[in-house]
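The values are calculated or read from the model by the stated rules, or taken from the named source; none is laboratory data. From a predicted model like this one, the values you see are computed outputs, not experimental measurements. Heads up: the accessible areas ignore ligands, DNA and RNA and are worked out on the full protein's heavy atoms, side chains in. Shrake-Rupley method; radii C 1.70, N 1.55, O 1.52, S 1.80 Å.
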Amino acid sequence: MALLDSDVLRWLCQTPKKNLDSLMRVSQRLPRAGPARVSMGMGLKHPHSPNDPFLAKLAAAASTEMGKAQLAGASGVSDGPPLLDILSNPVMMAAPAQVERSSGYNEHRPRRPPPDLPSLLLNSRIVYIGMPLVPAVTELVIAELLYLQYADPRQPIYVYINSTGTARADGETVGLETEGFAIYDTLMNVRNQIQTVAVGAAIGQACLLLASGDKGMRYMMPHATAMIQQPRLPSTGQMSAIDVHIRAKELINNRDTLVGLLAKHTGNPVEKVAKVMERPFYMNPKKAVDFGVADKILWRGQEAMAETMKAEDWDKGAGIRVVERPASYGAGDTGLG
């Protein structure tokens, strides 16, 4: 049985009875056809042409024994359109029929692109730092912080940290110390409350970002690790001695800046921070709380953030109005541009 769409039914209703004999002759020349779909995009040709694919597929619906009987019975009964008895017969229509309506490509296309994971987290005001602090990471984090302040400067920002700072896990330097200072300065500049959570590791400059959260709002997961160490000089390659000396002086300045900021946020004297930073200084959550890098250990069942809003509520609070647009079609009748 063919699957007939709205154009097929329209053609049936408009076809006079005098075309019935032509349809029967074409049906007799065709082999028994399996299920076929007649689409609106196929186009309608002359109904008497045996090469017309529309007429061929329509005739396939009448090629069964019951279809021929219905056509033969309808030939002398009335001047109504043919095949309507077939369509109304419960036996012939036992298999579920599908009536399709062609549409433009844009009708079922999502009205907005699927969001990526950082965008979903941003909806809940979460900034996740999960890589070493290279320029691309710094750019994204700063942009998210500035956007969240613009969206609502009264709501807190949650910064989750799992980063080895400006070096990789094997110790190789991959970024300048200024990458961490850039994120730190942005955190200090925005008007929102900053809540930091260490997940996994917060090493070097990442440990500074953990300590820079608001007092009482700096958390560590039970098995997270914090570590502070002196900055490292990137590979010098074929530099001259004077260039290496200049870079070393700049590295010492960055170290002194890092020591001063850690002393400020941990409440420890500068001398103590400088002393422990002479070698890598690892801290488990309890030790990090005692040193002043964090305030609380986030055990299971505790929440570091308030209940997140639904996307619709967030859009409404941010002044974003969703406008439903009708589907757009191309120049052709079938929706193809």
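For Phe181, all conditions in the list (1) open to solvent by 40 Å² or more (accessible area, probe 1.4 Å); (2) over 28 Å from the mean Cα position of the chain (by Cα) hold save one; what is the number of the exception?
Just one mismatch for Phe181, condition (1).
Within the stretch 277-292, take every residue that is closer than 19 Å to Glu177 by Cα and among the hydrophobic types (A, V, I, L, M, F, W, C) and give me the one that is most open to solvent (accessible area, probe 1.4 Å). Walk me through it before giving the result.
So in the stretch 277-292, the residues closer than 19 Å to Glu177 by Cα come out as 277-281.
Filter once more, keeping what is among the hydrophobic types (A, V, I, L, M, F, W, C): 277, 281.
Details: Met277: 2, Phe281: 42 Å².
Checked the stretch 277-292; the qualifying residue most open to solvent (accessible area, probe 1.4 Å) is Phe281.
In the list Val244, Val259, which residue meets the criterion of being at pLDDT 95 or above and over 38 Å from the mean Cα position of the chain (by Cα)?
Selected residue: Val259, the only one of Val244, Val259 that is at pLDDT 95 or above and over 38 Å from the mean Cα position of the chain (by Cα).
Looking at Val293, is it β-branched (Val, Ile, Thr), in a helix (DSSP H, G or I) and either over 28 Å from the mean Cα position of the chain (by Cα) or modelled with pLDDT of 65 or more (or both)? Even if it seems obvious, please write down each step before you answer.
Details: β-branched (Val, Ile, Thr): yes; in a helix (DSSP H, G or I): no; either over 28 Å from the mean Cα position of the chain (by Cα) or modelled with pLDDT of 65 or more (or both): yes.
So Val293 fails the test.
Could you list, in sequence order, all residues of the stretch 163-172 that are modelled with pLDDT under 90 and open to solvent by less than 40 Å² (accessible area, probe 1.4 Å)?
The first filter runs over the stretch 163-172 and keeps only residues modelled with pLDDT under 90, leaving 167-172.
If the condition is that a residue be modelled with pLDDT under 90 and open to solvent by less than 40 Å² (accessible area, probe 1.4 Å), then Ala167, Gly171 are the ones that fit.
With the requirement that a residue be among the hydrophobic types (A, V, I, L, M, F, W, C) and either in a helix (DSSP H, G or I) or open to solvent by 30 Å² or more (accessible area, probe 1.4 Å) (or both), what does the stretch 139-162 give you? Please lay out each step first, then the result.
First, pick out the residues of the stretch 139-162 that are among the hydrophobic types (A, V, I, L, M, F, W, C): 140-143, 145-146, 148, 151, 157, 159, 161.
Within the stretch 139-162, Leu140, Val141, Ile142, Ala143, Leu145, Leu146, Leu148, Ala151 qualify.
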